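Notes follow once the structure below has been shown.
What follows is calculated from the coordinates using simple rules that are stated; it is not laboratory data. The structure presented is a predicted model; accordingly, all values stated were derived computationally and were not measured. A quick note on method: Cβ atoms are made from the backbone with ideal geometry, for glycine too, and the neighbour counts reach across all protein chains shown.
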Amino acid sequence: MRMHRAWILGLLAAFTFPSDAMSDARPPRHSASGGLRVDNPYAGSTGYVNPEWSAKARAEPGGERISNIPTAIWIDRIAAIEGTPDSQSNGPMGVRDHLDAAVASGAGYIQFVIYNLPGRDCAALASNGELGPEDLRRYESEYIDPIARIMSAPKYRSLRIVNIIEIDSLPNLITNLNVPQCARMKSNGGYVEGVTYALKTLGALPNVYNYVDAGHHGWLGWDNNFGPAAELFAEVGRAAGMDNVHGFITNTANYSALEEPYFDADTRIGGRLIRESRWGDWNPYVDELSFAQAFRARLISLGFDANLGMLIDTSRNGWGGPERPTAPGMAESLDTFVDQSRIDRRIHVGNWCNQAGAGLGERPAASPAPGIDAYVWIKPPGESDGSSRLLPNDDGKGFDRMCDPSYGGNERNGNSRTGALADTPISGAWSSGQFRELMQNAHPPL
Ligand code: BGC
């Protein structure tokens, strides 16, 4: 039984969410600076479309079907603040350029990913960053402070600025302390202090909405991870000020299904529970929506605002196409039933890199379910999770064998095959093949 560990994973056209009178009617929440935030920044608001991603999407056959969807802008290095014409994952537009373009397009909200912690991505190699494990002060003064200065300009006050805070970082401190770099980032305080600083500094702006990354069901779903993760988030929330955490996001850049329509963990097949199956692996959650809602309740019980909002990244968790089951399986044996019935077609729920067979998921939508502020597209479809073989680069990106289709896996994916696509470029760089497959396997279909 493996309950004791868990799996790391990890144009200016506008797009409007259907407005949601209910959530607009919920009381406004206070920011630390005394400003008023709306309860749900997505409700009734038009999202900014990143023109750099949009142009890449449009250049693909059929890409114009989705190229006007809002995706997040990843500030994945200091140079990205001003714009980085030479990097493979960002274009020449910097934070100020995007904010100006958002105002000019009449957008209501814009989404950034704050992603540059010291010792970043401690349990994997594909998204290692530029800052060394002891570079916390540089993170604060050369990364967070300049971003906050730019975002604070009065001309951006009418925009709702959503910041997704530091993917995978705090979850890695819960489950991956056996990895030396994660143990180091725990003992030197780099992640906790960095995230706290980011929340406080950005949260001081009255129109900023911070959502902290909370892994996904196949990482923090197990009881032994769920509780301790929530406690760690609450500790960080108290240090940063609870008002500076607007909500949490799950499934960022991951592939976990939003809903498994044909079973939950307690479904019985031949007298045995789904959670006893090889796929279920004793996890009480089998999908993201149930996990996000339950995690939200736990966080509120630990002191977060009663109106705490969750986001779910649905950019690549559609699992449509011909392989998608259309009915529950007929098998009487548990493992076979689960394999016939599950819409998440991964080999193992711990697989996270460029998953073959994946499709675009739900299009972004505001207030789609109780407790959920929005389904969002944070990982821009078409951008790789990591290279399938070692590719020298100037971006600080390593080669993680979880992105290599010939690798047999490690303890974080039950020593399973990786299910990754072949011939992919470094993380953040464009992968036509992946983009096309995601469109083909979209669910709902395009
Ligand atoms: C990469 C970033 C990139 C982001 C979005 C991450 O995995 O490390 O460089 O901007 O994905 O594609």
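Here are the numbers for this structure:
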| item | result |
| --- | --- |
| In order through the range 300-312: 3J(HN,Hα) via Karplus (6.51 cos²θ - 1.76 cosθ + 1.60), integer Hz, x for Gly, Pro | 5, 5, 9, x, 6, 3, 5, 9, 3, x, 10, 10, 10 |
| About the Cα centre, charge dipole magnitude for the range 156-275 (Lys/Arg +1, Asp/Glu -1 at Cβ), debye | 180 |
| Most positive-pole-ward Cα, Met185, Gly215, Pro146, against dipole of the range 133-274 from beta carbon charges | Pro146 |
| Two-site FRET efficiency, Ile150 against Arg417, from Cβ-Cβ distance with R₀ of 56 Å, rounded to 0.05 | 0.80 |
| The chain: projected area of the alpha-carbon convex hull, averaged over directions, in nm² | 19.0 |
| For Trp74, Trp219, Trp279, order by how many other beta-carbon atoms lie within 10 Å, fewest first | Trp279, Trp74, Trp219 |
| Peptides 180-189, 96-105 ordered by average Cβ neighbours within 10 Å, highest first | 96-105, 180-189 |
| For the range 240-257, 3J(HN,Hα) per residue [Karplus equation, 6.51 cos²θ - 1.76 cosθ + 1.60, θ = phi - 60°, Hz, x = Gly/Pro] | 8, x, 4, 5, 8, 10, 7, x, 10, 10, 10, 6, 4, 6, 9, 10, 5, 4 |
| Exposure proxy order (Cβ contacts within 10 Å, fewest to most) of Ile174, Ile167 | Ile174, Ile167 |
| Nearest-0.05 FRET efficiency for Asp335 and Arg268, computed from C-beta distance (R0 22 Å) | 0.95 |
| Table column - 3J(HN,Hα) (Hz), the range 46-56, Karplus curve with 6.51, -1.76, 1.60, x for Gly and Pro | 9, x, 6, 9, 5, x, 6, 5, 4, 5, 5 |
| Selected from Leu232, Ala294, Pro133, residue furthest toward positive end of dipole (the chain; charges at beta carbon) | Ala294 |
| Count, lysine Cα pairs under 25 Å in the chain, 8 or more residues apart or across chains | 7 |
| Computed lengthening from Arg157 to Ala365, 0.36 nm per intervening residue step minus Cα-Cα distance | 72.6 nm |
| Sequence of Ser158, Ser169, Ser152 once ranked by neighbouring C-beta atoms within 10 Å, starting from the fewest | Ser158, Ser152, Ser169 |
| Long-range amide H partners of Val113 with built H, under 5 Å | Ile73, Trp74, Ile75, Ile164 |
| Cut-off under 5 Å, modelled amide H: who pairs with Val212 long-range | Ile165, Gly247, Phe248, Ile249 |
| CD proxy at 222 nm, helix term only [per DSSP H run n ≥ 4: -39500 (n - 2.57); per residue of the chain; nearest 500] | -7500 deg cm²/dmol |
| Full-extension gain in nm, Arg389 to Ala297, via 0.36 nm per residue minus C-alpha separation | 29.0 nm |
| Charge dipole magnitude, Cβ of K and R +1, D and E -1 - the range 7-440, Cα centre, debye nearest 20 | 380 |
| Dipole-positive endmost among Ala365, Phe304, Ala123 within the chain (Cβ charges, Cα centre) | Phe304 |
